[in-house]
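Here the structure comes first, spelled out in structure tokens, and everything after it is commentary.
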Amino acid sequence: MATKLALAEYAGQDVQIINAFLKNEHEDNRRFLADCERWFGRTITVLRDQKFDADIIQVFRRKQFMKGLAGAPCSRELKRKLLDDWKQPGDVMVFGYTAEEQDRFEDFIERNPDRAVIAPLIEKGLGKDDCKAMIQRAGIELPLMYRKGYDNANCIGCVKGGEGYFRAIREDFPTEFEALCQVQDEIGEGAYLFRNRKTGERYSLRDIPDGPIRRNEAPPSCSFFCEMAEQEYA
Ligand code: SF4
């Protein structure tokens, strides 16, 4: 949605659409990308990391950790570095932060005062559910991960997920879950994502305690803001 709005607002200017290919995302993300290309009437430039073969498992193995205080190495190696290499001085980045994420966007601006960024969804007051509904009204099926009830179409078994999320991944995608367990087995404690709040002891994905499965199954809603924004590109 952020792309669609940026294309409308900056028509006639050099707007480039970038995507990072990741092996660990669901293959339906590629179908969604092709549908969006048709909707935009534009080709999307797909960047693909060579060093780790665009594979989070290879990143974890070689970096020997999965998540640290400064974030996840997979995101840095497979997404941010590609973009940093690709972008040109003077570029303005278009962020897909939704209205719910205004704080995150403001934090980013505070931490990166030299970066020129815009967030069209926040400007239009569009929330995540608004965006999902607008995509569906454009005749595009949401990525399968959303349709299964997940809150994003990240890698299957995103290391930023919590325990409830990983219980869902264990149930829905046992092969991908096992691959993450195996890499934790190899690396050991340094790759564990969770910690016992009482004892401070860290534990692996295999030892996640019983608890609720969380896929965030709220159906897409709609608000007045989608209509206003839709009029701009209609
Ligand atoms: S979606 Fe999650 S697992 Fe995939 S690269 Fe980003 S942080 Fe890593």
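The values are calculated or read from the model by the stated rules, or taken from the named source; none is laboratory data. Values in this document were obtained by computation on a predicted structure and should not be read as measured data. A quick note on method: Cβ atoms are made from the backbone with ideal geometry, for glycine too, and the neighbour counts reach across all protein chains shown. Quick note on the areas: whole protein, heavy atoms, side chains included, nothing else; ligands and nucleic acids left out. Shrake-Rupley method; radii C 1.70, N 1.55, O 1.52, S 1.80 Å.
Once the piece of chain linking Leu144 and Arg62 is laid out straight, how much longer is it, given 0.36 nm per residue of separation minus the C-alpha distance between them?
Here the answer is 26.5 nm.
Quick check: the distance between the Cα centres of the range 180-200 and the range 44-109, to the nearest angstrom?
23
Once Lys and Arg get +1 and Asp and Glu get -1 on their Cβ, which of Gly188, Ala133, Tyr97 lies farthest toward the positive end of the dipole of the range 2-233?
Farthest towards the positive end: Gly188.
Given a Förster distance of 41 Å, report the FRET efficiency between Leu33 and Glu171 from their Cβ-Cβ distance, rounded to the nearest 0.05.
After rounding, the FRET efficiency stands at 0.95.
Taking every alpha carbon pair in the range 101-214, what does the distance histogram look like in 10 angstrom bins from 0, in percent?
Calculated P(r), rounded to whole percents: 11, 30, 27, 26, 5, 0.
What is the Cα coordinate range of the range 54-137 on the first, second and third principal axes, sorted by size from largest, in whole angstrom?
In descending order, the Cα extents are 42, 32, 24 Å.
With springs connecting C-alpha atoms under 10 Å apart, model the chain as a Gaussian network and identify which of Glu123, Glu100, Glu201 has the largest mean-square fluctuation.
Glu201
Roughly how many Å² is the accessible area per residue of the range 29-85, as a whole number, for a 1.4 Å probe?
I get 56 Å² per residue for the range 29-85.
I'd like the FRET efficiency for Arg42 and Val117, computed as 1/(1 + (r/R0)^6) with the beta carbon distance as r and R0 of 25 Å, rounded to 0.05.
Computed FRET efficiency for Arg42 and Val117: 0.75.
Run lengths n ≥ 4 of DSSP H only: what is the helix-derived mean residue ellipticity at 222 nm for the chain, with -39500 (n - 2.57) per run over all residues, to the nearest 500?
The per-residue figure over the chain is -11500 deg cm²/dmol.
What is the percent carbon and sulfur in the accessible area of the chain, measuring with a 1.4 Å probe over the protein chains and ignoring ligands?
After summing per-atom areas, the C and S share lands at 47 percent.
Can you pull the Kirkwood radius for the range 117-162, inverse mean 1/r over Cα pairs, to one decimal in Å?
With all distinct Cα pairs of the range 117-162 included, I get 12.2 Å.
What longest region of the chain stays clear of trypsin sites (Lys or Arg not before Pro) that DSSP places outside H, G, I, E and B and that have at most 10 other Cβ atoms within 10 Å?
1-196
Subtracting the Cα-Cα distance from 0.36 nm times the residue separation, let me have the gained length for Tyr10 to Asp185 in nm, one decimal.
Extra length from Tyr10 to Asp185 when fully extended: 58.1 nm.
Quick one: accessible area per residue over the range 113-185, 1.4 Å probe, rounded to a whole number of Å²?
Heavy-atom SASA per residue in the range 113-185 reads 40 Å².
Thinking of the range 2-233 as a set of Cα atoms, what percent of all their pairs are more than 34 Å apart?
Within the range 2-233, distances greater than 34 Å cover 19 percent of Cα pairs.
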